[in-house]
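The structure appears below as structure tokens.
The values are calculated or read from the model by the stated rules, or taken from the named source; none is laboratory data. Keep in mind that this is a model prediction, so the values were computed, not measured. FYI the Cβ positions are ideal-geometry reconstructions off the backbone, even for glycines, and counts take in every protein chain you see.
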Amino acid sequence: MQLHFVGTGSIFHDRLSASALVDGKILIDTPNGSVKAMRRAGIDPAAVDICLITHFHADHFFDIIFLLMEQGLVRRREREMVLIGPIGFAERVAHLFGISYPGTWEVVQPNLRPRFVEFGHKGGEWSGDGYRIQALPVEHTTPIAFGYLIADSAGTRLGYTGDTVLCPSVELLAATSHALTLDTSFLTSRAGHMGLDDVERIADAHPGLTLFPTHLGAEVTGSDRRNVVFPEDGQTFELGPGGSVAPVAAVLSTPATG
Ligand SMILES: [Zn+2]
Ligand SMILES: [Zn+2]
């Protein structure tokens, strides 16, 4: 399983807002700037077949318009696009198009072939394309927010908390993942987010688990725990079924001139 960090920051940080791409086709969250960042990293946004949204805050959601226009405005998908998120996902997409590019959703939709999978407070599960994806309810400041557990056919399991405080679903993700990406907005928990102290507590309780802090705030700069690995924007890791984690050499894009 390949895990690419599109962005690793929180809102008021020079890092891009947090999102990640699994195996080049499962995108977790679509924050501001994420589609351009994928292009800059040499990733075709139209290769995304499955999009998971943790919650509808703008720093996780507002590039959804651009992802869907990449897929369905000048191209036509040959297969369905799976869009998994909290209840109201389809309605919010239609609304965002309505206030920004009126009439465009009607053009995009038939080319996109969207299949919205919306889950309520209890979360849910979807399987397809060789993956099993579980949406787990986490505790944030929105009515519904999810963490995700993604398992591939080789048995590799990646956890992704989304924005949350330390809660039972985060504990479950820590107990069942080979690698776990965590909201680490602050040094200590506040405003619906985990702190580095929570992350280090999980790291100590699960020494065989690799933790990737993301959604980083400026005050979070590092950890002395061996199994806490700070990813950079645009960095890629290869995750093995036995829990192995190895960084992949970066593919540097050439900045455009002129
Ligand atoms: Zn949030
Ligand atoms: Zn956020």
What residue, of Asp29, Asp63, is in contact with a His (Cβ under 6 Å, 6 or more places away or on another chain) and either surrounded by 15 or more Cβ atoms within 10 Å (Cβ to Cβ) or of a type in the set (Val, Ile, Thr) (or both)?
Asp29
Of all residues in the stretch 107-164, which are hydroxyl-bearing (Ser, Thr, Tyr) and under 18 Å from Leu67 (Cβ atoms)?
Tyr148, Tyr160
Reported set for the stretch 235-252 where residues are surrounded by 13 or more Cβ atoms within 10 Å (Cβ to Cβ) and either at pLDDT 95 or above or within 24 Å of Ser34 (Cβ to Cβ) (or both) is Gln235, Thr236, Phe237, Glu238, Leu239, Val245
For the stretch 30-47, state whether one or more residues are within 16 Å of ligand 2 (Cβ to nearest atom), under 18 Å from Glu238 (Cα atoms) and touching a Phe, Trp or Tyr at 6+ places or on another chain (Cβ under 6 Å).
no
Of the criteria (1) closer than 17 Å to Thr214 by Cα; (2) more than 16 Å from ligand 1 (Cβ to nearest atom), which one Ala58 fails:
(2)
Could you say whether any residue in the stretch 73-82 is within 21 Å of Tyr131 (Cα to Cα), surrounded by 22 or more Cβ atoms within 10 Å (Cβ to Cβ), among the charged types (D, E, K, R) and touching a strand residue (DSSP E or B) at 6+ places or on another chain (Cβ under 8 Å)?
no
When residues of the stretch 175-185 are limited to those that are of a type outside the set (Asp, Glu) and buried (at least 21 other Cβ atoms within 10 Å of the Cβ), the one farthest from ligand 1 (Cβ to nearest atom):
His178
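Using the structure shown, decide if Leu52 is under 19 Å from Tyr131 (Cβ atoms), touching a residue at least 12 places away in the same chain (Cβ under 8 Å), surrounded by 14 or more Cβ atoms within 10 Å (Cβ to Cβ) and in contact with a helix residue (DSSP H, G or I) (Cβ under 8 Å, 6 or more places away or on another chain). Break it down stepwise before answering.
Values: under 19 Å from Tyr131 (Cβ atoms): yes; touching a residue at least 12 places away in the same chain (Cβ under 8 Å): yes; surrounded by 14 or more Cβ atoms within 10 Å (Cβ to Cβ): yes; in contact with a helix residue (DSSP H, G or I) (Cβ under 8 Å, 6 or more places away or on another chain): no.
Judged against the criteria, Leu52 is not a match.
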Might you check whether a residue that is more than 16 Å from ligand 1 (Cβ to nearest atom) and among the small types (Gly, Ala, Ser) occurs anywhere in the stretch 188-195?
no
Please tell me if Arg92 is of a type in the set (D, E, K, R) and surrounded by 14 or more Cβ atoms within 10 Å (Cβ to Cβ).
yes
